[in-house]
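Report on the structure given below.
The values are calculated or read from the model by the stated rules, or taken from the named source; none is laboratory data. Quick caveat, the model's predicted, so the values are computed rather than measured. For neighbour counting, all protein chains shown are included, and Cβ atoms are generated from backbone atoms with ideal geometry for every residue, glycine included.
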């Protein structure tokens with residue numbers, strides 16, 4: 001059975017802090033791993049990681065995949081209140097010719113002013 | 001680009017009735033559409049995957065006769081919750097994907113539909 005564990009489940013920080021969110025996974029025929037940010041409604045895409053050890057960056061956010069350890073981290077530096085959201089990790093797996101995303105429960109990040 | 005809409009954004013219905021939720025890709029053709037359900041404080045759980053013109057593939061534990069999915073075109077998929085019960089109350093989110101020439105996998109989410117069954 002596919003399994004995705006994110007930690008911590010919840011995190012409260014002050015503006016300007018740096019945070020690291022963790023994701024570990026066990027999925028069938030892993031293809032890639034995606035990170036999403038979910039505020040009030042639907043998730044918005046952040047990163048897709050396919051290769052180990054190659055950091056992807058977008059502004060203050062960065063992410064890296066470790067296929068040997070079956071894990072990924074998402075870093076946010078100099079956090080802002082607008083970063084408050086649930087961050088979802090979703091490895092992509094293939095089974096029987098079809099592909100799907102398997103979502104973790106997410107990390108709820110709260111950034112206080 | 002890559003906008004996905006859902007309609008309605010919220011709906012309240014009585015127990016025993018059926019509710020239809022639409023998912024549209026507005027500016028691209030979606031090869032595949034996905035339907036998820038999200039309960040409070042839980043993650044998105046995939047319910048089914050549908051490709052245009054073919055029957056949907058349901059995840060284990062999801063009743064295909066209760067959650068009817070139709071994917072009639074490359075821009076529209078519908079989910080009908082039949083004979084709804086209060087335990088079907090949830091947040092239903094669709095997503096649409098397309099295969100880019102560089103084989104980048106992208107899945108774009110709709111804004112979701114909040115269903116409340118009374």
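The residues listed here are A:100, A:108; of these, the one that is free of Cβ contacts under 8 Å to residues at least 12 places away in the same chain and within 19 Å of residue A:6 (Cβ to Cβ) is A:100.
Here residue B:19 does not qualify as farther than 30 Å from residue A:109 by Cα, touching a helix residue (DSSP H, G or I) at 6+ places or on another chain (Cβ under 7 Å), crowded, with 16+ Cβ neighbours inside 10 Å and in contact (Cβ under 8 Å) with a residue 24 or more places away in the chain.
For segment B:61-74, the tally of residues that are at pLDDT 90 or above and either in contact with a helix residue (DSSP H, G or I) (Cβ under 8 Å, 6 or more places away or on another chain) or in a loop (DSSP other than H, G, I, E, B) (or both) stands at 6. If you go through segment B:21-51 and keep only what is away from chain A (no Cβ under 14 Å) and under 10 Å from the mean Cα position of the chain (by Cα), you end up with just B:22.
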